[in-house]
1. Strictly greater than 17 Å: what percent of every Cα pair in the range 53-96 meets that?
2. Scan around His204 for amide H atoms under 5 Å from its own, H built in the peptide plane at 1.01 Å from N, and keep only partners 5 or more places away or cross-chain.
3. So what's the range 89-163 giving for Cα Rg divided by 2.2 N^0.38 Å, two decimals?
4. How large is Rg/Rh for the range 1-153, to two decimals, with Cα atoms and a Kirkwood Rh?
5. If you put +1 on each Lys and Arg Cβ and -1 on each Asp and Glu Cβ, how big is the dipole of the chain around its Cα centre, in Debye rounded to 20?
6. Across all directions of projection, what mean area in square nanometres is found for the Cα convex hull of the range 129-187?
7. Who wins for biggest fluctuation among Gly132, Gly29, Gly64 in a Gaussian network model of the chain, springs between alpha carbons below 10 Å?
Amino acid sequence: MLELQSLTYHPATTAEPLLRDVSLRLPVGEPALVAGRSGSGKTTLLELISGLADPTRGRILWNGKALDARQRRWLCGLVFQFPERHFLGLTVAQELKLGQRRLSGERLQQVLGQVGLAELPLQEAPERLSGGQQRRLSLAVQLLRDPKLLLLDEPTAGLDWAVRSEVLQLLAELGRDRALLIVSHEPELFEGFVRHSWLLEKGHLRTMPKAVLG
Ligand SMILES: Nc1ncnc2c1ncn2[C@@H]1O[C@H](COP(=O)(O)OP(=O)(O)O)[C@@H](O)[C@H]1O
Ligand SMILES: [Mg+2]
């Protein structure tokens with residue numbers, strides 16, 4: 001279980017703290033959502049959890065143990081918003097092997113199967129894949145590391161209706177056996193499978209009022 005205890009984040013570059021006294025508990029197998037308008041601090045929250053930044057105050061725990069930034073980078077798989085803009089590999093196989101010096105063909109096929117890309121030609125260029133396939137590939141890159149906690153920043157942004165529902169179905173599956181935290185400004189899309197939701201507003205996190213989720 002992930003636990004955030006009174007996180008405050010106030011970088012030297014801002015007049016006001018970006019996050020104030022943010023606490024939450026997120027058990028494995030219970031997908032969770034943080035909603036909030038653009039600029040409310042959602043991406044910043046994921047940067048803190050994933051160890052790309054350190055909170056000014058507060059603690060981040062996994063199964064009761066406080067983790068430093070390096071330990072959090074091991075724990076988490078973070079899929080950025082519009083991950084396909086950051087593909088580096090010339091082929092699908094290369095993209096998957098970045099940062100994975102010893103990757104067996106078996107493990108690679110296993111992960112591609114997990115995201116529904118078992119049939120994908122490995123020599124294809126990532127930018128030639130469809131929008132939905134690109135999002136799946138980005139998830140596969142993180143799943144290869146077998147993260148205990150999967151963090152997704154606006155996972156449905158920029159997808160058309162059909163592709164979106166396909167990605168949502170995959171996320172529901174992935175959330176069954178790991179900790180999953182999604183941040184999005186479109187909370188209603190995730191209603192079907194999310195078990196906990198919060199709203200981030202002016203740096204404060206609170207339990208999502210029922211009216212917002214409908
Ligand atoms: N390291 C930083 N230094 C200064 N300002 C930042 C930093 N990171 C984010 N911000 C600002 O914090 C606010 C929240 O940003 P962000 O977390 O990206 O929001 P969201 O993902 O909800 O749209 C924005 O106003 C952004 O410009
Ligand atoms: Mg953001």
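FYI, it's all coordinate maths here, none of it is from the lab. Predicted model only: the values in this text are computed from it and were never measured. With ideal geometry, Cβ positions are generated from the backbone for all residues, glycine too; neighbour counts draw on all protein chains shown.
1. Numbers: 502 of 946 pairs.
Cα-Cα pairs of the range 53-96 separated by over 17 Å account for 53 percent.
2. Arg20
3. On the way: Rg = 12.2 Å, N = 75, 2.2 N^0.38 = 11.3 Å.
In units of the globular-protein estimate, the range 89-163 measures up at 1.07.
4. Details: Rg = 17.1 Å, Rh = 16.9 Å.
Value, to two decimals: 1.01.
5. Numbers: 27 positive and 24 negative charges, 144 e Å.
Here the size comes out at about 700 debye.
6. Numbers: hull surface 15.8 nm².
Over every viewing direction, the Cα hull of the range 129-187 projects on average to 4.0 nm².
7. Comparing Gly132, Gly29, Gly64 in a Gaussian network model of the chain, the most mobile one is Gly64.
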